[in-house]
Amino acid sequence: QVQLVESGGGLVQAGGSLRLSCAASGRTFSSYVMGWFRQAPGKEREFVARISWSGSSTYADSVKGRFTISRDKNTVYLQMNSLKPEDTAVYYCAADRSLLLFKSIGGGIDYWGKGTLVTVSS
């Protein structure tokens, strides 16, 4: 059974940092794209970052220069620096073979975690 399990969320002050982790199990993800989406209260889920099997990464404009995605075998990380109150959201880990699905709300992506809450206070 495939599982994606996020960890590392919490409460942080604006300007602070958090590191999210996502442990994937149940199959080999070396050929999968892995990434992060987030959903703020009352808003649609949105793309945050993705990393391919080769290590190339892409970011949403809103987090570029502040967030860094990385991966190590079946674990993907999201280092979040200079956090802002508008970064407050539930962050979801995702995995799929297709790069093209890592945009917008991530419709069609095969695997999702249950999410971890990040709250940034002003």
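Considering the chain, what Rg and Dmax in Å follow from its alpha-carbon atoms?
13.2, 40
Heavy-atom accessible area per residue, the chain, 1.4 Å probe: how many Å²?
That works out to 51 Å² per residue.
Quick one: with all protein chains in place, what share of the accessible area of the chain is carbon or sulfur, to the nearest percent (1.4 Å probe)?
48 percent
Show which lysines lie in cross-link reach of Lys64 when reach means a straight Cα distance below 18 angstrom and same-chain residues fewer than eight apart are skipped.
Within reach: Lys84, Lys103.
I need the Debye-formula profile for the range 22-90: one equal scatterer per C-alpha, no solvent, reported as log10 I(q)/I(0) at q = 0.20 1/Å, two decimals.
For the range 22-90 at q = 0.20 Å⁻¹, log10 I(q)/I(0) is -0.83.
Quick one: putting +1 on the C-beta of Lys and Arg, -1 on the C-beta of Asp and Glu, what dipole do you get for the chain around its Cα centre, in Debye to the nearest 20?
Here the size comes out at about 140 debye.
Counting other Cβ atoms within 10 Å, which trypsin sites (Lys or Arg not before Pro) in the range 5-42 have at most 15 and lie in a DSSP loop?
Those that pass, being in a loop and sparsely packed, are Arg27.
For Lys114, which aspartates and glutamates qualify as cross-link partners when the Cα separation must be under 20 Å and same-chain residues fewer than eight apart are set aside?
Glu6, Glu44, Glu46, Asp87, Asp96
Please list, in chain and number order, the residues 5+ apart from Leu83 or on another chain whose amide H is under 5 Å from its amide H, with Hs placed from the backbone.
Gly15, Gly16
The values are calculated or read from the model by the stated rules, or taken from the named source; none is laboratory data. Note that the structure is a prediction, hence the values are computed from the model and not measured. Ideal geometry is used to build each Cβ from the backbone, glycine not excepted, and the neighbour counts take in all protein chains shown. These accessible areas exclude ligands, DNA and RNA; they are computed on the full protein's heavy atoms, side chains included. Shrake-Rupley method; radii C 1.70, N 1.55, O 1.52, S 1.80 Å.
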